[in-house]
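Report on one structure; see the data block that follows.
The values are calculated or read from the model by the stated rules, or taken from the named source; none is laboratory data. Worth saying up front: this structure is predicted, and the values here are computed from it rather than measured. Cβ placement follows ideal geometry from the backbone for every residue including glycine, while neighbour counts extend to all protein chains displayed.
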Amino acid sequence: MADRAVEQVRALLLSRSETGLKKYGCTTDRTDLNLADWLRHALEEALDLAVYLQRALHEVEREMDDEK
């Protein structure tokens, strides 16, 4: 029996890959980026994630304060 969360992540990865292919017309197999470019892209994505996490945490904390 497969882990449900793992299967959900697999489905999300496949969907994200298909979306990226439609949007950018290529996959991560592309060769026009060097390692610094890939790292820059990854850093930008990580920074976006930090912003989303901070926003979500703020909302959770606000809801917890409202319940007091």
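Tabulated data for the structure shown
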item	result
Residue within region 24-36 that is modelled with pLDDT under 95 and assigned to a helix (DSSP H, G or I) present	yes
Among the candidates Ala5, Ala56, residue that is at pLDDT 95 or above, loosely packed, with under 10 Cβ neighbours inside 10 Å and in a helix (DSSP H, G or I)	Ala5
